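S.K.: The structure that follows is given in the form of structure tokens.
The values are calculated or read from the model by the stated rules, or taken from the named source; none is laboratory data. Quick caveat, the model's predicted, so the values are computed rather than measured. Cβ: placed from backbone, ideal geometry, glycine included. Neighbour counts: every protein chain shown. We work out accessible area using only protein heavy atoms, side chains counted, and drop any ligands, DNA or RNA first. Shrake-Rupley method; radii C 1.70, N 1.55, O 1.52, S 1.80 Å.
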Amino acid sequence: MNLKSQLEASLSPSQLRLIHLIADSAAQSGFPLYIIGGSVRDLILGSAIQDLDLTVEGDAIALARALAKRHGGRVTAHSKFGTAKWFLPKDLQTESSDTLDLISARSETYKHPAALPTVMPGSMDDDIRRRDFTINTLAIRLDGAHFGELRDDLGGMDDLKQGIVRVLHAKSFIDDPTRMYRAVRYAERYGFTIVEETLALIPPARPLIEKLSAQRIRHELDLILEEWNAAAMLARLAELNLLQPIHPALTFDESMRQRLTNLHTYRSLQHLSPWNITKGEQMRASDLGWLLWLMSLSQEQVSALNDRLHFTADLLAALFAASKMYAVQLSFVGLKPSQCVERLEAYPLAAVEAVGYAAKDPRVKECFDEYISKWRYIKPHINGDDLKALGVEPGPRYAILLRRLRNAWLDGEVKTKEEEKALLQTLLNSSSASP
Ligand code: ATP
């Protein structure tokens with residue numbers, strides 16, 4: 001199949017219609033229009049195109065405005081970056097999106113190593129040359145009669161066919177050290193090889209890692225932890241000595257590798273589990289990865305890493321909790337369900353989930369798993385109103401009685417509403433009898 005047919009086949013009818021409509025407008029304005037980067041790479045590798053990010057050699061904002069004027073919807077723009085987001089009118093929305101990004105081709109230069117790039121309007125040639133790896137420089141032209149033409153200025157197609165990750169120039173990792181992490185991510189994701197010349201550029205760039213902001217380095221690690229084979233990527237980063245320059249506490253040992261190895265299987269299970277969809281209990285895909293990776297660190301190490309990486313508040317709380325539970329996991333053996341619940345309720349659910357998944361002892365696993373899937377939902381039938389109706393004086397005693405009833409359900413001491421009522425009666429009698 002030629003590229004044009006491949007592109008057409010990989011887009012849904014609504015995506016294709018939208019692309020043609022934009023391509024027509026671009027052609028009328030005399031702007032070459034391209035899909036470039038990851039979507040072209042993935043298309044050639046045989047996967048469907050996810051993002052329809054389009055690059056315009058010209059003024060993307062003007063094109064987006066012209067499109068909205070003609071077809072409806074509205075546009076927001078960032079003039080500094082020459083990017084526009086078109087909020088599509090109803091009839092042009094696709095199954096995957098109701099917006100479309102249009103980006104003006106640009107050049108990027110670096111004032112000093114590891115700085116954020118200075119962005120300037122540029123040609124398509126500049127836009128291709130600002131990229132990280134040859135496999136990400138392939139572009140498909142879309143406007144007018146050019147629809148489906150491949151633009152391969154830097155040998156990206158050969159490298160893609162040969163399975164090679166290669167930077168565009170010798171200063172690439174110096175300009176942007178995050179690319180070293182990206183190289184490993186692509187190599188492990190696709191089973192590609194990082195070429196020797198590119199590997200040789202790592203040592204001189206390694207000292208610049210400490211110049212990267214917390215946000216930039218964490219973003220790259222987040223992306224890795226979202227991948228199904230994060231374990232292989234982190235192992236490779238450790239082998240290339242790219243973890244400890246971030247922070248000396250950041251290591252990747254065998255136990256970490258084991259915990260992260262079946263992350264993808266685990267994620268698919270987690271996705272099915274009902275708690276995952278409960279509001280406020282969702283965790284980001286990468287957070288589970290962070291927890292599995294770092295739970296074996298001490299509280300001090302977590303704290304030191306946070307100074308470097310600035311975790312979100314939720315993730316930090318979960319990391320501290322996971323580190324605490326992981327260290328004392330065997331103390332959960334032999335506890336009654338009510339005792340497990342009492343201890344686990346004090347921790348963020350994400351941490352309980354991660355430590356339960358990682359626990360080796362089946363008795364510990366059971367305690368954590370049952371807590372997540374069943375025990376934490378168990379409540380007594382009797383509530384505060386019932387206690388009031390029975391004449392119990394409102395106060396702290398309510399919580400004590402209700403907890404006692406809940407524990408009785410958890411531990412199998414009561415199995416029916418009648419047994420629960422009888423237990424309450426006994427509790428009330430014994431407390432009224434006590435001095
Ligand atoms: P993924 O499948 O991981 O999302 P992607 O290629 O779509 O891959 P993005 O992070 O969305 O990745 O980036 C889009 C494109 O922008 C890349 O294909 C690459 O050409 C370019 N790019 C991204 N980050 C960098 C960088 N740090 N340096 C140079 N070019 C980059």
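S.K.: Using a Förster distance of 41 angstrom, determine the FRET efficiency expected from the C-beta separation of Thr261 and Lys161, and round it to 0.05.
M.R.: Approximately 0.85, to the nearest 0.05.
S.K.: Can you give me the P(r) profile for segment 4-159? Cα pairs, bins 5 angstrom wide beginning at 0, each as a whole percent.
M.R.: That works out to 2, 10, 18, 22, 21, 15, 8, 3, 1, 0, in percent per bin.
S.K.: Kindly report the accessible area of the chain per residue (heavy atoms of protein chains, probe 1.4 Å, no ligands, DNA or RNA), in Å².
M.R.: Accessible surface, normalised per residue, equals 48 Å².
S.K.: What distance in nm separates the simple spin-label points at Ala9 and Leu335, each placed 7 Å from Cα in the Cβ direction?
M.R.: The modelled label-to-label distance comes out at 5.5 nm.
S.K.: While we're here: In a Debye calculation with equal point scatterers on the alpha-carbon sites of the chain and no solvent, what is log10 I(q)/I(0) at q = 0.09, 0.12 Å⁻¹?
M.R.: With one equal scatterer per Cα and no solvent, log10 I(q)/I(0) is -0.74, -1.06.
S.K.: Sticking with this one: What percent antiparallel are the DSSP beta bridges of the chain, to the nearest 5?
M.R.: 85 percent
S.K.: Please give the helix 60-71 orientation as an angle from the longest Cα principal axis of the chain, in degrees from 0 to 90, rounded to the nearest 10.
M.R.: 80 degrees
S.K.: With viscosity set to 0.692 mPa s at 37 °C, what whole-number translational diffusion coefficient in µm²/s follows for segment 384-433 from Stokes-Einstein and a Kirkwood radius over Cα pairs?
M.R.: Translational D for this selection: 295 µm²/s.
S.K.: Short version: ³J(HN,Hα) in whole Hz for each residue of segment 308-323, in order, from phi by Karplus 6.51 cos²θ - 1.76 cosθ + 1.60 (θ = phi - 60°), x for Gly and Pro, what are they?
M.R.: Computed from phi, the couplings for segment 308-323 are 8, 9, 6, 5, 5, 4, 5, 5, 4, 4, 5, 5, 4, 5, 5, 4 Hz.
S.K.: How large is ³J(HN,Hα) for each residue in segment 333-345, as worked out from phi by the Karplus curve 6.51 cos²θ - 1.76 cosθ + 1.60 (θ = phi - 60°), to whole Hz, x for Gly and Pro?
M.R.: Coupling constants for segment 333-345: 5, x, 6, 6, x, 5, 6, 4, 4, 4, 6, 6, 4 Hz.
S.K.: To continue, here is another question. What list of ³J(HN,Hα) couplings, whole Hz, do you get for segment 146-159 from phi and the Karplus terms 6.51, -1.76, 1.60, once you set θ to phi - 60° and write x for glycine and proline?
M.R.: 7, 3, x, 6, 7, 10, 10, 6, 10, x, x, 5, 4, 5
S.K.: Using a basic spin-label model with each label point 7 Å from the Cα along Cα→Cβ, how many nm lie between Glu210 and Asp101?
M.R.: That separation, rounded to one decimal, is 3.3 nm.
S.K.: Residues with amide H under 5 Å of Arg151's amide H, sequence separation 5 or more or different chain, H placed in the peptide plane at 1.01 Å from N; which?
M.R.: When sequence neighbours closer than 5 places are left aside, the close amide H contacts are Ala139, Ile140, Arg141.
S.K.: With a 1.4 Å probe and every protein chain kept in, tell me what percent of the accessible surface of the chain is carbon plus sulfur.
M.R.: 54 percent
S.K.: Just from its helices, what would the mean residue ellipticity at 222 nm be for the chain, if runs of 4 or more DSSP H residues each count -39500 (n - 2.57) and the sum is divided by every residue, rounded to the nearest 500 deg cm²/dmol?
M.R.: On the way: 23 runs with 226 residues, N = 435.
Mean residue ellipticity at 222 nm (helix-derived): -15000 deg cm²/dmol.
S.K.: Once each part is reduced to its C-alpha centroid, what is the distance from segment 173-203 to segment 214-264 in angstrom?
M.R.: First find each Cα centre; the distance between them is then 14 Å.
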